[in-house]
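For reference, the structure is listed below as structure tokens.
Just so it is clear, none of the values below were taken in a lab; they were calculated from the coordinates. All values derive from a computational prediction rather than experimental measurement. Neighbour counts run over all protein chains shown; Cβ positions are idealised from the backbone, glycine included.
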Amino acid sequence: MHDSERKIQATILAALGSRPDIRLFRNAVGHGYHGDARLKHEPDGSLTVVIRKARRVSYGLAPGSCDLIGVRRVLITPDMVGQHIAQFLGIECKSASGRSTVEQKDFRAMLERFGGISILARSLDDVEGL
């Protein structure tokens, strides 16, 4: 049986989380609603949330941005006097049969154009070379 995207993300976060040269964060992307919330008790005992004056809000880095984002510490060549920089890192986690959307492909291509690292990971093995 193949691992789910959630399990792949958790495995990668656990494996890379202890490294001193990488900081990685879960990046949930989507939409929700914000406003004056009230709980409504239903006859069956369940609760319903009613939002008055609702406003749609977007969350996450950007449409198509990777599931895991962060930075990798990189030592620069001697012409920059040995300074360290943070290189943007994006890891898109997919199950064995999962497919990237056009927005996800575009985001990963943009990262690479700007000198960042972009990885499509279907398992921990895909990030071992970092």
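Structure values in brief
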quantity: Within straight-line cross-link reach of residue 105, lysines at Cα separation under 25 Å, skipping those fewer than 8 residues along the same chain; calculated: 7, 94
quantity: Prolate/oblate/rounded label for the chain (Cα gyration tensor, a/c 1.5); calculated: prolate
quantity: Per-residue ³J(HN,Hα) for segment 19-36, Karplus 6.51 cos²θ - 1.76 cosθ + 1.60, θ = phi - 60°, Hz, x for Gly and Pro; calculated: 6, x, 9, 9, 10, 10, 9, 6, 10, 7, 10, x, 9, x, 10, 10, x, 7
quantity: Environment charge at residue 118 (Cβ cut-off 9 Å; Lys +1, Arg +1, Asp -1, Glu -1); calculated: -1
quantity: Candidate aspartates and glutamates for bridging to residue 53, where Cα separation is under 14 Å - those fewer than 8 sequence places away on the same chain excluded; calculated: 36
quantity: Lys/Arg +1, Asp/Glu -1 at C-beta; the chain dipole; positive extreme among 32, 77, 9; calculated: 32
quantity: Residue 3 long-range amide H proximity, modeled H, under 5 Å; calculated: 96
quantity: Ellipticity estimate at 222 nm from DSSP helix runs (n ≥ 4, -39,500 (n - 2.57)) divided over the chain, nearest 500; calculated: -5500 deg cm²/dmol
quantity: Sites residue 46 and residue 105 - FRET efficiency at Förster radius 25 Å, r taken between beta-carbons, to 0.05; calculated: 0.05
quantity: Between segment 4-38 and segment 90-121, the Cα center-to-center distance that results, in Å; calculated: 15 Å
quantity: Charge context of residue 22, other residues only, Cβ under 11 angstrom, K/R +1, D/E -1; calculated: +3
quantity: Rough spin-label spacing in nm, given labels placed 7 Å along Cα→Cβ, for residue 19 and residue 114; calculated: 2.0 nm
quantity: Packing-based order for 68-75, 96-103, 112-119, using average beta carbon neighbours within 10 Å, highest first; calculated: 68-75, 112-119, 96-103
